[in-house]
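First the structure, in the form of structure tokens, and then the observations on it.
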2 protein chains.
Amino acid sequence: MARPRLDPERRRPTEAEASILATLWEHGPSTVRQVHEHLASQQDVGLTTVLKLMQIMAEKGLLARDTSVRPQVFSPARDQADVQADMVGDLLDRIFGGSTENLVLRALSTRPSSPEEIAAIRRHLDALDGGDR
Amino acid sequence: MARPRLDPERRRPTEAEASILATLWEHGPSTVRQVHEHLASQQDVGLTTVLKLMQIMAEKGLLARDTSVRPQVFSPARDQADVQADMVGDLLDRIFGGSTENLVLRALSTRPSSPEEIAAIRRHLDALDGGDR
DNA sequence: GACAATCGACGAAATCATTCGTATGTTTGA
DNA sequence: TCAAACATACGAATGATTTCGTCGATTGTC
């Protein structure tokens, strides 16, 4: 009696899956061992655990795998920006009542941002509305 | 062989729990029936399911309950801003490589923001760094 | 008070997410 | 060549999450 399965598209990665995706986005297409080495430096996790996860992700369509080489090389199947957009949108709807302003404000106040970062965000805002004031 | 239990503090609400918290933040302290009515308008979910979830959340310390009235009234036990900060921080670390700028940029490009909203965000930025340009 | 409606507790089941042992096949290097 | 090391598959265990049925208690209505 659990929740019915979600539409395969728009399926958000789980926590462990997100770690693996992040690794692949950062380092590019990688073998299981490479991903494991990176993750193991942060958390205690076994090689076969990572393998299993990546196999499942490939089945789900989250990863693409190249079986023509050995060891096999995995790459993210979805664009980083797409996944980020889905997850931000989800968070927005789930606990920010859909208010982008609230989310941005919360993000800015949660983590200290450098003046450079703030300036960069201003430029993004300018690009959105032409810099009206 | 699942993931070990997390520290009770800093425990992020699950998906279903987040929906309930959002309802309570939006409508204030509510009965199970009220929460259910609100949620049922969005998804298909049973009354006893919501009840059970809210009981569990009360046990976990996510909700406070007033048993002196009938029906009982539940309210969020943690501040909305705190939970939002935890969840944004988590998303930041998990798939944005800790870059607030990326997250903000993604949020802004994912959802159309009104000029008013953009102006409000600018004011927040000004408050952070005094409006340096 | 009798009856119906509502409330609340509880247990159990289904599914999901994560973990890893073990078994088997493949490659490498002495 | 042959063994050691590595790669991959697979199944199963475990805990977390979500679901809801059912039963007794409480409340409201006539």
Q) Out of region A:118-133, which residues are facing another protein chain (nearest Cβ under 7 Å), acidic (Asp, Glu) and open to solvent by less than 80 Å² (accessible area, probe 1.4 Å)? A) A:129
Q. Pairs, please: C-beta under 9 Å, at least 6 apart or cross-chain, first residue more than 14 Å from every other protein chain (Cβ to nearest Cβ) and in region B:67-79, second near DNA strand C (Cβ under 7 Å from one of its atoms) and not hydroxyl-bearing (Ser, Thr, Tyr)?
A. B:71/B:32; B:71/B:33; B:72/B:32; B:74/B:32
Q: Hand me the list of helices (runs of 4 or more DSSP H) wholly inside region B:1-117 holding 1 or more residues that are away from DNA strand C (no atom under 16 Å from the Cβ) and surrounded by 17 or more Cβ atoms within 10 Å (Cβ to Cβ).
A: B:15-27, B:80-95, B:100-110
Q: Report, by residue number, each residue of region A:61-82 that is closer than 28 Å to residue B:103 by Cα and touching a Pro at 6+ places or on another chain (Cβ under 7 Å).
A: A:61, A:62, A:63, A:74, A:75
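The values are calculated or read from the model by the stated rules, or taken from the named source; none is laboratory data. Because the structure is a prediction, the values reported are computed rather than measured. Heads up, the Cβs are rebuilt from the backbone with ideal geometry, glycines too, and the neighbour counts pull from every protein chain shown. For accessibility, only protein heavy atoms count, side chains too; no ligands or nucleic acids. Shrake-Rupley method; radii C 1.70, N 1.55, O 1.52, S 1.80 Å.
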